[in-house]
Amino acid sequence: MGNTPTLKRIIATDCGSTTTKAILIEFIDNEYRQTIRGEAPTTVERPLNDVTKGVVNAVTELEELWQLVNKGKKIKFVENDKILIGNGDDGVDAYVSTSSAGGGLQMMVTGVVAKMTGESAERAALGAGAIVMDLIASNDKRPNYEKIERIRELRPDMILMAGGVDGGTTKHVVELAELVAAADPKPRLGSSYKLPVIYAGNNAARDIIKETIGEKTDLIITENIRPTLERENLGPARDKIHDLFMEHVMAQAPGYNKLMSWTVGPIKGKLENIPIMPTPAAVGNIMQTIARRNNIEVLGVDIGGATTDIFSVFTEDFIFNRTVSANLGMSYSISNVLATAGLKEIIRWVPFEINESELRNMIKNKMIRPTTIPQQLEELVLEQAIAKEALKYAFLQHKEFAVGLKGGQRHREIADAFSQSVSGGTIVDMMSLDLLVGSGGVLSHAPRRNQSVMMMIDAFLPEGITRLAVDSIFMMPQLGVLAEISEKAATEVFEKDCLIYLGTCVAPVGKIKPDKISLSAEIELPDGKTFNQDIKFGEIVLLPLGVGETAKAILKPGRGLDLGAGKNQQIETELHGGVIGIVLDTRGRRPFELPANIQERIPLLKKWMRELQVYPDSILD
């Protein structure tokens, strides 16, 4: 799909709520590389009220930087206040864009059973890049008047309705449609338009759904999200969400109609319009593309000021999940992190004594001044301690959501007959995870990459052998939409320019006594030296191994521990290096436990941080 090298030059933009980011991708020496990056303030609000102004400003910066890098050679990327497509030596061959301006895509979903069709509808909406404002289900125990009020108050961009298996009873799904009809909701943008509603439920109820809400809403009917209890069919609903996002949501935002006419690229050999994609959906797209092309399991996180998004692709079927922790972030939502985790959980990561009121003041200051960055080393340590807890709780939420299908047939014991639970187990398996990718300011722009490594290891607790990376300048959204026209360009730039490989974490897991050997490692480094050591429980060891380098390793876990091949099983493998190298983490137990006693905990934290070279000695002495 679109793997032709005729795309010599591509521009991709991401229109965020505050900043519009543009990247230039060029075909150089038979490969695609990201060469120049520019940005400008987003102009979707007053006084300009035209998103294309910010796009033009960001692309003009690309043009100026290109000329500077190429020693004054002239080029045009912008002409007559629009992006120039295909004009000899000037212009670009394709232009694609993503957007989360205007608050992104905000949806409500409905389902008959909250933990079955309701969750399937949530997965479809989240996978399409939406923020799910609420889930309304027949069994959610709220009275009908409350549900109706909720639909009216929230004013979502669209509603996704699911419920029932094909050919089953229609009663409950029709009742949900009657609630939507009674609420008569108006869209958030464009009050003169009818609210888009996607019906992806029991096909036997389609005619009654049309009668009930066909006149009051802009009703779109697509295939059932859950045609049987054992099968999910999210693709058609996700596609409809994307289409309606463009037609109803983006079309109401100032300047987006103009921008939509600019985005073009080759599809099956001819230039066509490329739809603008919601930013989170585009990130999910590149994650899935990388997982499929490399046959690996991937987990990615984007921690922002207000929300933390987690994306995962697990199992041999490459099942994609995305969750949005809307109350966990590093500026606007930082007080919610404190409320969720509690002071003790944050303080346990701090390698010095601190007054609780000091920490509270620092958190409140960050909330009311969200654009500030730490001015002192102690503030940086505190911010990164908070980040560990935000990441941890966002990941816990993700694991609860990324589960096998609920309600499907499975082997049951007699004891299960007395259980009302319909929950499936999580498909997130840290032992089989191949690649963990961090993104967002606190991870991508940490003063030392070693700090990013420690935050990711402490928050996600990788098991077995896992490669770690960060997104250098958060270009994953642009690459996600680029994958629609050229997987080759998107994946080459992702591997070579987007990802900064930090190294590999080796972590045997299981219960073991503190004085016992957790890992026997024999690692042959590229310089001919050999690391041969038995490592006791509770240690962190850092071995330098550069980007692109590999080391042959024979790794034997301690008695009762597992590295991925089973308990006590030795592994022979190649470990990949990175900016930091190889981290041997024998702290073992998951979830992670730190001593409650401050006199024991602080020396332990300092010891680990020294070994990982996380902070200067001045703060660890």
Scope segment 121-149; condition at pLDDT 90 or above, surrounded by 21 or more Cβ atoms within 10 Å (Cβ to Cβ) and in contact with a Gly (Cβ under 7 Å, 6 or more places away or on another chain); matching residues
ALA121, ALA137
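Tell me which strands (runs of 3 or more DSSP E) are completely within segment 221-314 and hold 3 or more residues being more than 22 Å from the chain's Cα centre (by Cα) and outside the structural domain of LEU48 (by TED's automatic domain parsing), or say none if there are none.
264-267, 270-273
One line per residue, one yes/no per condition, for (1) buried (at least 18 other Cβ atoms within 10 Å of the Cβ); (2) in a loop (DSSP other than H, G, I, E, B):
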| position | (1), (2) |
| --- | --- |
| GLY163 | yes, yes |
| HIS172 | yes, no |
| ALA182 | no, no |
| LYS186 | no, yes |
| THR212 | yes, no |
In the list ILE136, ILE131, ILE159, ILE148, which residue meets the criterion of being assigned to a strand (DSSP E or B) and over 30 Å from VAL481 (Cβ atoms)?
ILE136
I'd like the full set of residues that are in a helix (DSSP H, G or I) and surrounded by fewer than 24 Cβ atoms within 10 Å (Cβ to Cβ), limited to segment 428-453.
GLY441, SER444, ARG449, ASN450, GLN451
Among the numbered criteria (1) surrounded by 22 or more Cβ atoms within 10 Å (Cβ to Cβ); (2) at pLDDT below 90; (3) of a type in the set (S, T, N, Q), which one does THR52 miss?
(2)
Among the residues of segment 295-354, how many are among the small types (Gly, Ala, Ser) and free of Cβ contacts under 8 Å to residues at least 24 places away in the same chain?
2
May I ask you to list pairs of residues, at least six apart or on different chains, whose Cβ atoms are under 7 Å apart, with the first in segment 555-566 being free of Cβ contacts under 8 Å to residues at least 24 places away in the same chain and the second being of a type in the set (A, V, I, L, M)?
ALA565/ILE571
Filtering segment 520-539 down to residues that are touching a Lys or Arg at 6+ places or on another chain (Cβ under 7 Å) and either on the phi > 0 side of the Ramachandran plot or surrounded by 19 or more Cβ atoms within 10 Å (Cβ to Cβ) (or both) yields PHE537, GLY538
Hits in segment 570-585 (condition: under 13 Å from GLU522 (Cβ atoms) and not in a strand (DSSP E or B)):
GLN570
Go over the candidates ARG152, ARG226, ARG188 one by one and state the one that is basic (Lys, Arg), at pLDDT 90 or above and over 27 Å from GLY404 (Cβ atoms).
ARG152
When GLN478 is run through (1) at pLDDT below 90; (2) crowded, with 21+ Cβ neighbours inside 10 Å, the failure sits at (1)
Are any residues in segment 574-601 under 22 Å from LYS536 (Cβ atoms) and either surrounded by fewer than 17 Cβ atoms within 10 Å (Cβ to Cβ) or polar (S, T, N, Q) (or both), and if so, which ones?
THR586, ARG589, ARG590, PRO591, PHE592, GLU593, LEU594, PRO595, ALA596, ASN597, GLN599, GLU600
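So for segment 111-123 (the condition being without any contact (Cβ under 8 Å) to a residue 40 or more places away in the chain and not charged (D, E, K, R)), does at least one residue qualify? First the steps, then the outcome.
If we filter segment 111-123 for residues that are without any contact (Cβ under 8 Å) to a residue 40 or more places away in the chain, which is where we start, we get 114.
Within this subset, residues satisfying the condition of being not charged (D, E, K, R) are 114.
Checked segment 111-123: at least one residue is without any contact (Cβ under 8 Å) to a residue 40 or more places away in the chain and not charged (D, E, K, R).
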Filter segment 361-396 for residues that are touching a Phe, Trp or Tyr at 6+ places or on another chain (Cβ under 7 Å) and in a loop (DSSP other than H, G, I, E, B) and give the result.
PRO370
Testing GLY510 on (1) closer than 27 Å to ILE347 by Cβ; (2) touching an Asp or Glu at 6+ places or on another chain (Cβ under 6 Å), one condition comes back false. Which one is that?
(1)
Test for ILE198: is it within 25 Å of the chain's Cα centre (by Cα) and assigned to a strand (DSSP E or B):
yes
Only one of SER357, SER333 that is small (Gly, Ala, Ser) and within 24 Å of the chain's Cα centre (by Cα)
SER333
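The values are calculated or read from the model by the stated rules, or taken from the named source; none is laboratory data. Computed from a predicted model, the values in this text were never measured in an experiment. Cβ coordinates were reconstructed from backbone atoms using ideal geometry, including for glycine residues, and neighbour counts include every protein chain displayed.
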